[in-house]
1. Among what's in the range 43-57 and is of a type in the set (D, E, K, R) and over 11 Å from residue 81 (Cα atoms), pick the residue that is surrounded by the most Cβ atoms within 10 Å (Cβ to Cβ).
2. So which residues in the range 70-115 are assigned to a helix (DSSP H, G or I) and under 17 Å from residue 139 (Cα atoms), if there are any at all?
3. Which pairs have Cβ atoms under 8 Å, sit 6 or more apart or on different chains, and link a residue in the range 193-214 that is closer than 19 Å to residue 91 by Cα to one that is in a loop (DSSP other than H, G, I, E, B) and of a type outside the set (A, V, I, L, M, F, W, C)?
4. For residues in the range 109-165 being hydroxyl-bearing (Ser, Thr, Tyr) and farther than 22 Å from residue 243 by Cα, which is modelled with the lowest pLDDT?
5. For the list (1) under 30 Å from residue 255 (Cα atoms); (2) modelled with pLDDT of 95 or more; (3) among the small types (Gly, Ala, Ser), I need the number of the one condition that residue 92 fails.
6. Of all residues in the range 81-94, count the ones that are closer than 14 Å to residue 38 by Cβ and touching a helix residue (DSSP H, G or I) at 6+ places or on another chain (Cβ under 9 Å).
7. Scan (1) surrounded by fewer than 17 Cβ atoms within 10 Å (Cβ to Cβ); (2) of a type in the set (S, T, N, Q); (3) under 20 Å from residue 186 (Cβ atoms) for the single condition residue 98 breaks and write down its number.
8. Take the conditions surrounded by fewer than 16 Cβ atoms within 10 Å (Cβ to Cβ), of a type outside the set (Phe, Trp, Tyr) and either away from the ligand (no atom under 16 Å from the Cβ) or within 23 Å of residue 254 (Cβ to Cβ) (or both) and apply them to residue 118. Does it pass?
Amino acid sequence: FAAYMDEERQSAGLIVVLQDMTEQKQLEEMQKEFVANVSHELRTPITTIKSYVETLLDGEAQDPEILSNFLGVINNESDRMAGLITELLELSRIDSRQVKLKIESVNLAQLVEDSVLRHQIHAEKKSQTLLYETPDVECWIQGDPSRMEQVFRNLIINAVKYSPPEATIRVGIRVDESKRQARVYVRDNGIGIEPKERDRIFERFYRVDKARSRSMGGTGLGLSIAKEIMELHGGSIQVDSIYGKGSTFWLTFPFESRREDMEEK
Ligand code: ADP
């Protein structure tokens with residue numbers, strides 16, 4: 001029996017080692033893929049900028065219309081690269097745990113409403129309606145307001161991007177007292193997301209439709225940053241969607257107390 005136990009242990013040990021190696025290998029693969037993605041995403045705008053500059057240097061700069069047109073493209077592509085680099089640095093700071101939240105008591109309804117107001121302009125540009133649905137209860141969260149805003153902004157801008165003109169986007173809050181959770185939702189009636197894509201969209205650089213996302217200025221990093229920020233808050237991000245009909249993104253925050261509870265203290 002002892003010998004059998006020994007054998008058992010040995011083989012159990014072997015399994016653990018193999019698992020470790022598989023994880024290590026997976027990590028290496030992911031890192032390689034990430035570097036390949038970064039290089040590709042940075043090279044694309046540079047290639048565009050270079051070809052436009054070369055055409056201008058070849059003499060097209062004489063035509064004022066072409067000149068202004070091309071400079072516009074070069075400007076957009078440069079903004080795109082700068083944005084991408086900012087997001088990459090942000091992810092790298094999160095990975096190396098350099099991002100520290102400035103935690104305070106936040107009035108969630110107020111913050112969400114401010115965020116909705118601030119982004120009205122994006123919806124208006126596409127003749128969309130961006131609505132804030134006022135909750136019945138006030139709710140206080142321990143969080144970093146500027147980081148939370150960053151997440152709301154990301155979801156609202158995505159809803160605008162991935163919905164047609166005239167669409168309606170609804171933003172609001174649900175409080176679940178029993179679970180002591182507050183959930184912020186951003187609901188659109190846009191293109192929706194297929195079930196097989198629903199987990200993948202939170203991965204770095206993952207985009208359902210690269211060409212569409214790129215033409216809308218997307219980098220594929222926004223949701224992965226949002227996920228990291230939610231996790232730093234002890235919360236999470238999920239999506240419900242009906243393909244072709246629309247999506248609802250949910251942000252779950254651990255919930256401190258309602259205003260009334262605070263006043264009783
Ligand atoms: P991107 O910069 O491409 O918008 P994100 O990380 O914000 O990157 O989103 C990843 C992908 O998830 C998008 O490219 C898009 O395919 C999909 N997606 C995000 N939000 C929505 C939405 N509201 N409706 C449909 N698809 C969405």
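The values are calculated or read from the model by the stated rules, or taken from the named source; none is laboratory data. From a predicted model like this one, the values you see are computed outputs, not experimental measurements. We place every Cβ from the backbone using ideal geometry, glycine too, and count neighbours over all the protein chains shown.
1. First pass over the range 43-57, keeping only residues of a type in the set (D, E, K, R): 43, 50, 54.
With the extra rule that they be over 11 Å from residue 81 (Cα atoms), the set shrinks to 50, 54.
Details: 50: 12, 54: 10.
Ranking the candidates gives 50 first.
2. Selection gives 108, 109, 110, 111, 112, 113, 114, 115.
3. Qualifying pairs under 8 Å: 200/206; 201/207; 204/220; 205/219; 205/220; 206/220; 207/218; 207/220.
4. For the range 109-165, the residue satisfying everything is 134.
5. (2)
6. 7
7. (3)
8. yes
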